[in-house]
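What follows is a short report on a single structure.
The values are calculated or read from the model by the stated rules, or taken from the named source; none is laboratory data. Since the structure is predicted, the reported quantities are computational estimates derived from the model, not experimental observations. Neighbour counts are summed over all protein chains in view; Cβ atoms, including those assigned to glycine, are modelled from backbone coordinates with ideal geometry. SASA here: full protein model, heavy atoms, side chains in, ligands and nucleic acids out. Shrake-Rupley method; radii C 1.70, N 1.55, O 1.52, S 1.80 Å.
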Amino acid sequence: MKKKADEGKNNLGNRVSFGKREVYSRIVWIVSGFILGAAAILSFLSSGEKLLNIAPWLGTAMLVAGMLNIVLYFWILRGEPGAKWLLADGMTAALLSIFPMFNQISSVAIVPFYFCVWDLFSGILRVMESAEEREEGGSGWSWFFGVGILEILAGVAALVKPVEEALKMHVVIGLVLLVQAVAFFHKAGAGAAVVARRRKEKRKNEFE
């Protein structure tokens with residue numbers, strides 16, 4: 001009886017711990033979404049040479065979003081199935097943010113490149129994550145796939161010169177950051193649910 005009671009307490013502790021993990025994950029992704037959304041608005045409002053002046057701030061927003069993902073991985077989700085995509089995305093964002101933050105960029109045309117590459121790479125990771133989710137029998141893989149395709153299309157379109165000529169540079173960057181913000185909000189909703197399902201399956205396999 002005592003052994004069963006101890007096991008029940010341990011299981012309850014694991015559930016509480018996991019519940020906190022899910023909450024923390026949602027908070028981090030929502031905060032990242034708001035930061036990138038604010039950066040998108042700032043970009044929309046800054047045309048011409050003003051874009052060069054705010055480039056370090058846009059890079060800072062990218063860095064914060066990337067670092068939050070990295071911290072989330074090592075502090076909460078390390079060892080969780082699918083967490084490697086989160087780490088890869090965070091590292092990509094953090095590394096690419098260095099260029100607009102610290103380089104003396106002399107041409108407005110160069111600024112969108114770093115953000116578009118991030119959007120493109122992030123979309124590829126999202127599609128790969130959706131494929132993994134589908135193989136595991138998850139029901140939310142199509143949403144990840146859709147968001148990933150949206151990121152890829154936004155990244156590729158923004159790198160095409162006719163698009164850059166049709167839209168001003170600050171609009172291109174604003175759209176890319178807006179797509180990333182939407183992706184993080186989606187992650188806070190569907191992504192946290194996927195993490196919860198994978199965690200439950202992992203614990204079930206461990207008990208079996």
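Numerical summary
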| quantity | calculated |
| --- | --- |
| Enumeration of residues in region 1-55 that are modelled with pLDDT under 55 and among the acidic types (D, E) | D6, E7 |
| Residue satisfying all of: in region 128-156; surrounded by fewer than 19 Cβ atoms within 10 Å (Cβ to Cβ) and within 15 Å of A83 (Cα to Cα); modelled with the highest pLDDT among these | M128 |
| Single condition V163 does not satisfy, out of (1) modelled with pLDDT of 90 or more; (2) surrounded by fewer than 21 Cβ atoms within 10 Å (Cβ to Cβ) | (1) |
| Count - residues of region 20-38 that are of a type in the set (K, R) and farther than 13 Å from G189 by Cβ | 2 |
| Counted residues, region 20-55 - those being hydroxyl-bearing (S, T, Y) and in a loop (DSSP other than H, G, I, E, B) | 2 |
| Where a residue in region 169-188 is touching a residue at least 60 places away in the same chain (Cβ under 8 Å) and its partner, wherever it lies, is outside any helix (DSSP H, G or I) and open to solvent by 20 Å² or more (accessible area, probe 1.4 Å), with Cβ under 7 Å and at least six apart | H170/S47 |
